[in-house]
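The values are calculated or read from the model by the stated rules, or taken from the named source; none is laboratory data. Only a predicted model underlies this, so the values are computations on that prediction, with no experimental measurement involved. In this analysis, Cβ positions are derived from the backbone assuming ideal geometry, glycine residues included, and neighbour counts consider all displayed protein chains.
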Amino acid sequence: MAGWAHAIPSLTAAFLASLVEFVEALTVVLAVGTVRGWRPALLGTGLALGTLALLVLALGPALTRIPLDYVQLGVGLLLLLFGLRWLRKAILRAAGVIALHDEEAAFAGETALLQSYERARDPRWDAVAIGTSFKIVMLEGIEVVFIVIAVGTAGGLLLPATLGAGAALLVVVLLGLMLHRPLARVPENALKFAVGVLLSAFGTFWLGEGIGVDWPGADWSLLGLVAWYLLVALAAVRLSRARRSAALAAVD
Amino acid sequence: MRTLATILRELVGLFVDDGSLAAGAVVWAAICGWGLPLLGVGPRAEAGLLVLGLAALLLENTLRASSRRPRG
């Protein structure tokens, strides 16, 4: 029964985090395909996906050979830092302290940049296009790989985490094929907020297991940690918004 | 060499956005894991202190960032 306490948050965290990362990668791949051609855009994407698959195949089994206590401690700490980074940024964006991420602006900026480069002699082997697609899919994909491996190995739940990430990839690829434009309507900051809450809760839980704390309710305390971080983050948004207004008023 | 530095920077960037929040979380985890047991704090209380400390760090950090005077 307690397995569900981990499996559902694992699947949800992997799905939502991967969705955000794939949407960002899709924006750049669409820009590359539109400006420089689809063949090099898809070639760069394929090369990056292949490299990422090799990384998962190499790292996944290697991590299972390390004693679980060390994995929980190391992965928990990294997951906590990763989650707090996302949550901090999402709080500051929700409070209006930093600007929201705009996929349409990112698409326009990437398109203009790609147009400024010289055309390749052979458009099938356009190094700029292949390199740009490869780089963005690698950068965003590394985060997905980390989340899947971290959430999966620390709790022995690699399957639900992989299913979550796979489902997100499928959703984004299908939407990309149907729409052929950036997915600007995805509520990215709300997703990042939710992912930040989930990953911070997972990170705290595994870190606690690694350092030997005694969680009340054992595995079920993970759900309590999710609720706790949600409350803290919502309070942080309210307080940050008020602080920001006061700071702006002081400047005026 | 420059490529290696870029890769390293990207890797660190995955986990660290604001250095003080990351450093605070690592230090607090170390205190909860190794310092508090030396003071005789039990594992159940450690769990509570770990969670409270991390939440306090996050709150303090976001409030400090919000209070910064806007540029321009």
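A few remarks follow.
- Options A:165, A:94, A:90, A:150; residue that is under 19 Å from the mean Cα position of the chain (by Cα), within 26 Å of residue B:12 (Cβ to Cβ) and at pLDDT below 85: A:150
- Residue in segment A:120-140 that is at positive phi and modelled with pLDDT under 90 present: no
- Within segment B:44-56, being surrounded by 20 or more Cβ atoms within 10 Å (Cβ to Cβ) and in contact (Cβ under 8 Å) with a residue 12 or more places away in the chain holds for B:46, B:50, B:54.
- Selection from segment B:56-72 of residues that are more than 7 Å from chain A (Cβ to nearest Cβ) and part of a helix (DSSP H, G or I): B:56, B:57, B:60, B:64
- Selected residue (criterion: nearest to residue A:144 (Cα to Cα)) from residues of segment B:3-54 that are over 10 Å from the mean Cα position of the chain (by Cα) and outside any helix (DSSP H, G or I): B:17
- Unmet criterion (only one of (1) loosely packed, with under 14 Cβ neighbours inside 10 Å; (2) over 26 Å from residue B:15 (Cα atoms)) for residue A:159: (2)
- Note on segment A:185-236: among residues that are closer than 18 Å to residue B:59 by Cα and surrounded by fewer than 19 Cβ atoms within 10 Å (Cβ to Cβ), the one that is nearest to the other protein chains (Cβ to nearest Cβ) is A:235.
- Any chance residue A:239 is surrounded by 13 or more Cβ atoms within 10 Å (Cβ to Cβ) and at the interface with chain B (Cβ under 8 Å from one of its Cβ atoms): yes
- For segment B:22-55, filtering for residues that are more than 9 Å from every other protein chain (Cβ to nearest Cβ) and under 30 Å from residue A:249 (Cβ atoms) leaves 1.
- In segment B:4-21, residue farthest from residue A:205 (Cα to Cα) [restricted to those that are within 11 Å of another protein chain (Cβ to nearest Cβ) and at pLDDT below 75]: B:6
- Single residue of A:103, A:110 found to be surrounded by 18 or more Cβ atoms within 10 Å (Cβ to Cβ), modelled with pLDDT under 80 and among the charged types (D, E, K, R): A:103
- Close pairs (8 angstrom Cβ cut-off, 6 or more residues apart or separate chains): touching a residue at least 60 places away in the same chain (Cβ under 8 Å) and hydroxyl-bearing (Ser, Thr, Tyr) in segment A:154-174, buried (at least 23 other Cβ atoms within 10 Å of the Cβ) and part of a helix (DSSP H, G or I) anywhere: A:162/A:14; A:162/A:148; A:162/A:152
- Residue in segment A:215-223 that is within 18 Å of residue A:84 (Cα to Cα) and at pLDDT 85 or above present: yes
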